[in-house]
């Protein structure tokens with residue numbers, strides 16, 4: 001594997017991971033209700049995609065026209081893995097060791113939002129009660145559940161990486 005791919009992927013992964021930690025810390029300090037805000041989620045997701053685009057653009061320039069789909073995807077994938085690892089470790093520490101009571105509050109907020117959404121969609125009360133029961137039985141902030149969620153995040157960012165790699169790969173120059 002080309003050293004530029006590893007170096008840039010790791011560097012930008014650390015940058016993206018630190019952004020995630022900073023954003024989580026700001027939300028924790030300023031207003032924990034933002035943890036359940038779709039706007040905060042969209043903002044964080046958008047910034048991570050922008051970081052990925054800057055990463056691929058920078059790496060593409062370093063390859064001077066010889067940046068393959070595989071190289072672009074690998075660069076983005078390394079960045080994503082590093083970033084996700086940093087963010088998940090921080091979240092595990094925050095929600096399970098620093099402030100375990102916070103996850104109770106967030107769980108209540110999430111259940112309230114889910115019930116409101118289900119009611120707006122005309123869901124039957126029995127189905128709403130079943131959903132509440134399942135949510136009460138689970139702990140989405142536990143170490144195991146966060147690690148399970150990591151798999152979904154890796155899949156999502158892999159799909160995004162495939163799309164961005166297709167965009168950033170250089171077209172091969174055909175020789176006669």
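Quick note: the coordinates plus some simple rules give every number you see, no bench work behind them. These numbers come from a predicted model, not from an experiment. Don't worry about glycine lacking a Cβ; one is built from the backbone with ideal geometry, like all the others, and counts go over all protein chains shown.
Key figures
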quantity: Förster radius 35 Å - calculated FRET efficiency between residue 18 and residue 121, Cβ distance, rounded to 0.05; calculated: 0.40
quantity: Sites residue 137 and residue 64, calculated FRET efficiency, Cβ-Cβ separation with R0 41 Å, nearest 0.05; calculated: 0.15
quantity: Stretchable slack from residue 89 to residue 111, in nm (0.36 nm times residue separation minus alpha-carbon distance); calculated: 5.5 nm
quantity: Label-reachable residues, the stretch 38-59, where backbone N falls under 18 Å from a point 7 Å from residue 153's Cα toward its Cβ; calculated: 38-53
quantity: Alpha-carbon centroid distance for the pair the stretch 46-67 / the stretch 88-134, whole angstrom; calculated: 37 Å
quantity: Helix 143-168 axis, angle to the chain major axis (alpha carbon atoms, nearest 10°); calculated: 40 degrees
quantity: Alpha-carbon Debye profile of the chain, log10 I(q)/I(0) at 0.15, 0.16 Å⁻¹; calculated: -0.90, -0.98
